[in-house]
Amino acid sequence: MDVVVRCRNLFKTYDGKVEAVCGLDLEIRIGECFGLLGPNGAGKTTTIEILEGLLPPTSGEVEILGRNWGAHQRELRELLGISLQETRLSEKLTVRETLKLFSSFYQFPSSPQAVMEEMALMEKADTWVGKLSGGQRQRLAVAAALVGNPRILFLDEPTTGLDPQSRRQLWDIVRQFQKRGGTVLLTTHYMDEAERLCDRLAIIDHGKIITEGTPAELIKRYCGQNMVEFAVTPAIDGGGRELWQSLPGVEAVHEEDGLTSLSVREAHQTIPALLEAVEERGWRLVHLTTRQASLEDVFVHLTGRHLREE
Amino acid sequence: MKVEEQPDLTSAPVTPPASPRPAPTNGRWAGYRGLLTARMKELWREPEVVFWVFVFPLLLAFGLGIAFRDKPVGVTNVAVVASPGAQRTAGWLNKISPRPAAIHADVLPQAEAFNRFRLGKYALVIIPQAEGGLRYRYDPARPESVLARAQVDDALQAAAGRKEVIPTSSETAVEPGSRYIDFLIPGLLGMNLMNSGMWGIGFALVDMRQRKLLKRFLATPMRRGDFLLALSSSRLVLMLIEVVLLLGFGVLVFHMRVLGSLVSILFIGTVGALSFGGLGLLTASRAEKIETVSGLINVVMLPMWVFSGVFFSYERFPAMMLPFIKALPLTALNDALRATILEGAPLATQGTRLAIMAVWGGVSFLLALRWFKWI
């Protein structure tokens, strides 16, 4: 399997003290959509900007398509499409003019017309950027990255602040790009986005990768298949942890706000045992639900915090 | 690695590139042309730019040209303080004073005469004295007041029978080239080149930096040199329009005479525009916010507004300041423009001034490149 982006032992320290990235290793394979998932401030943007060659690492190596930023800057720029977390494009240029401008920088660009058609921007082709909605602007930002006809697309928080429909539109665009053989690296703090869009992902916290794999693997590895959530009266303040752990099929226990979450392999084995245990002790269940485990549960399991807490 | 067909740029445009690649669709200068085109469109669509760069200097020239137009010196208004002989004195002045520079005398009570003198309605107050003489009240700091004193004195002495010792006559000379508007237009041109250079480069760059647009450009294969070149080129295009517009306005509206060649004027304009472009780049080299750069730009421009002889000759400043004033780029630009436009001085004689501008621009440019914060 060809690795198109690789970094080893990446460190980035700001002003000699703030460690934004500490010892990060990544390998992104050709044709996959790789996600960096983590809460705000985890070091996602710093990492992606180092990979994009926009930020020098304090130490560590970056290799993209077998090249590195020191020696092959120009060559690499031709091969990458980059959308930054926040860029305000010129408001007084139209969509078409903006894409023309960006395409003029590349030796082998796509035609702005075709990119607009693909990105559903034709209706707005001659509208000033200043008059676009948030979703349209974000599509234009991605279009400006695609118009260079890149092999790898870097998207930093591409759907932050977008409505559900615009998010889905962007996901489709990413999938189309992938279908044509493109590789995508994106950062996100939306676990549903990571789960649906990414072939593989790395969960990143405090500048380190805490785990890595396909979404399904990660969920299975840390949270079993299902989550059983319940609450009992009288409240037993964490005293039940060992009891819950001993129930059949339970892989992990997490308690929060009086609600206990069990990661289980098979809910139909765990639930009868749970009901029995509660009844034996004369407690009463006041709440019980089961659901599919998600990446959010993985993150909570690994860090004890929620993704969107900060 | 997957190898695909050569990308067909018309039908399957977003295909990830294949290898080997065909000849590039975009040549070496495509990026520069793209940037310049985009920049010109943006400028043209910015009403503020159109106003400040094109309309404002014309309004200023028009307003000042009207206010300070050269007219025959008007009637000199003088007041005679009411007293027994006052009517006779006023009558003499109104009747005898030489034409067309007439004197108009009014008889008024002393308090009112003094008050209106203070407000500028009268240039001089004549106070008849008890013993028969006259006393002049005038302000030596007001040119028209000094003039009125001499005029009135002449008229009254002549009326009293003074004989001219030497017969004299006079002729008038009001020629285009020596009027205030002629002095003003090259100065406005210089000031405008400074304003639009500093704002057009300095402000634009920091604005792009603040919007992360600079960073976004750097994430493409765009060459940094092309970017700066396109920005400078857009300045030169504007410079061309500014020069033609202001000079054309001066010629058409105020019948100004342009003695130097247009080529020389444009050359000086180019050096000036680039010089201020360099200064603009330097002020913008590190600022992160447009508020910061706005302050910096004003700090850089303020001394030149005051000292560089835009609206009045800098010769009015103390002699010891002149070397400093002449070393300012706007002074050099204004002087070179005036010499060329008003006196038809050949370009060769403007070497020092051009060199001053080139040094300012060149040194700023080099420092800016060293310090410039792209990301």
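Packing, as the average of other Cβ atoms within 10 Å across residues, places the peptides A:51-58, A:292-299, A:150-157, B:39-46 in the order A:150-157, A:292-299, A:51-58, B:39-46, highest first.
Computed from phi, the 3J(HN,Hα) profile of segment A:291-297 under the Karplus parametrisation 6.51, -1.76, 1.60 (θ = phi - 60°) reads 7, 5, 6, 10, 5, 4, 5 Hz, with x in place of Gly and Pro. Rounded to the nearest 20 debye, the dipole size of segment A:211-253 about its Cα centre is 80 debye, using +1 on the Cβ of Lys and Arg and -1 on the Cβ of Asp and Glu.
Please work out the FRET efficiency for the pair A:His206 and A:Asn9, using the Cβ-Cβ distance as r and a Förster radius of 25 Å; give the result to the nearest 0.05.
Details: r = 16 Å, r/R0 = 0.65.
About 0.95, to the nearest 0.05.
Amide H contacts for A:Ile210 (H built 1.01 Å from N in the peptide plane; partners 5 or more residues away or on another chain; cut-off under 5 Å): A:Ile203, A:Ile204, A:Asp205. Each label point was placed 7 Å from the Cα along the Cα-to-Cβ direction; for B:Ala150 and B:Val263 their separation is 4.6 nm.
Taken along the Cα-to-beta-carbon direction at a fixed 7 Å, the label points for B:Arg118 and B:Leu322 span 3.9 nm. The protection proxy used here, the mean number of other Cβ atoms lying within 10 Å of each residue, ranks peptides B:352-360, A:123-131, B:324-332, A:266-274 as follows, highest first: B:324-332, B:352-360, A:266-274, A:123-131. Simple spin-label estimate for A:Ile236 and B:Gln110 gives 11.2 nm between the two label positions (7 Å along the Cα-to-Cβ direction from each Cα). Shielding of peptide A:178-186 by partners, expressed as the average count of other chain Cβ atoms within 10 Å per residue Cβ, is 2. Shielding by partners for peptide B:215-228, expressed as the average number of C-beta atoms from other protein chains within 10 Å of each residue's C-beta, is 6. Rounded if a/c is under 1.5, else prolate if a/b is larger than b/c, else oblate: which is segment B:229-353, with a ≥ b ≥ c the root eigenvalues of its Cα gyration tensor? Oblate, because a/c is 1.5 or more while a/b does not exceed b/c. Sequence-ordered 3J(HN,Hα) estimates for segment A:32-41 from the Karplus curve with 6.51, -1.76 and 1.60 and θ = phi - 60° stand at 9, 9, 10, x, 9, 10, x, x, 4, x Hz, glycine and proline given as x.
Net charge within 15 Å of B:Gln350 by Cβ-Cβ distance, Lys/Arg positive one each and Asp/Glu negative one each, not counting B:Gln350 itself? Don't jump to the answer; show the numbers that get you there.
Working: positive: B:Lys326, B:Arg338, B:Arg353; negative: B:Asp335, B:Glu343.
Combined, the nearby Lys, Arg, Asp and Glu give +1.
Among A:Gly282, A:Ala252, A:Ser59, flag the residue with its Cα farthest along the positive direction of the charge dipole of chain A, charges on Cβ as +1 for Lys/Arg and -1 for Asp/Glu. Checked the options; the winner is A:Ser59.
Beta bridges from DSSP with both residues in the protein assembly as shown: antiparallel share about 60 percent, rounded to the nearest 5.
From the Cα gyration tensor of the protein assembly as shown, with a ≥ b ≥ c the square roots of its eigenvalues, which class applies: rounded if a/c is under 1.5, or else prolate if a/b is larger than b/c, or else oblate? Spell out each step's value before the answer.
Details: a/c = 3.90, a/b = 2.43, b/c = 1.61.
Taking the square roots of the gyration eigenvalues as a ≥ b ≥ c, the protein assembly as shown is prolate.
Per-residue 3J(HN,Hα) values for segment A:46-51, derived from phi via the Karplus relation 6.51 cos²θ - 1.76 cosθ + 1.60 with θ = phi - 60°, read 4, 4, 5, 6, 5, 4 Hz in sequence order (x marks Gly and Pro). Summarising the strand pairing of chain B, around 30 percent of its internal DSSP beta bridges are antiparallel.
With charges set only on the Cβ (+1 for Lys and Arg, -1 for Asp and Glu), what does the dipole of the protein assembly as shown come to about its Cα centre, in debye to the nearest 20?
Working: 74 positive and 71 negative charges, 659 e Å.
The calculation lands at about 3160 debye.
Pairs with C-alpha atoms separated by more than 29 Å, drawn from the list A:Lys17/A:Lys44; A:Lys12/A:Lys131; A:Lys17/B:Lys373; A:Lys131/B:Lys212; A:Lys179/B:Lys373, are A:Lys12/A:Lys131; A:Lys179/B:Lys373. Mind running the shape call on segment A:168-310? Use the C-alpha gyration tensor, a ≥ b ≥ c as the square roots of the eigenvalues: rounded below 1.5 for a/c, prolate if a/b tops b/c, oblate otherwise. Prolate shape, in that a/c is at least 1.5 and a/b is the bigger ratio.
Averaged across the residues of A:111-120, what count of C-beta atoms belonging to other chains lies within 10 Å of each residue's C-beta?
Values: counts 6, 1, 2, 7, 2, 0, 2, 2, 1, 0.
Taking all residues of A:111-120 together, the mean is 2.
Computed from the coordinates by the stated procedures, all read-outs in this text should not be read as laboratory data. If you're wondering where the values come from, they're calculated on a predicted model, not measured in any experiment. Neighbour counts run over all protein chains shown; Cβ positions are idealised from the backbone, glycine included.
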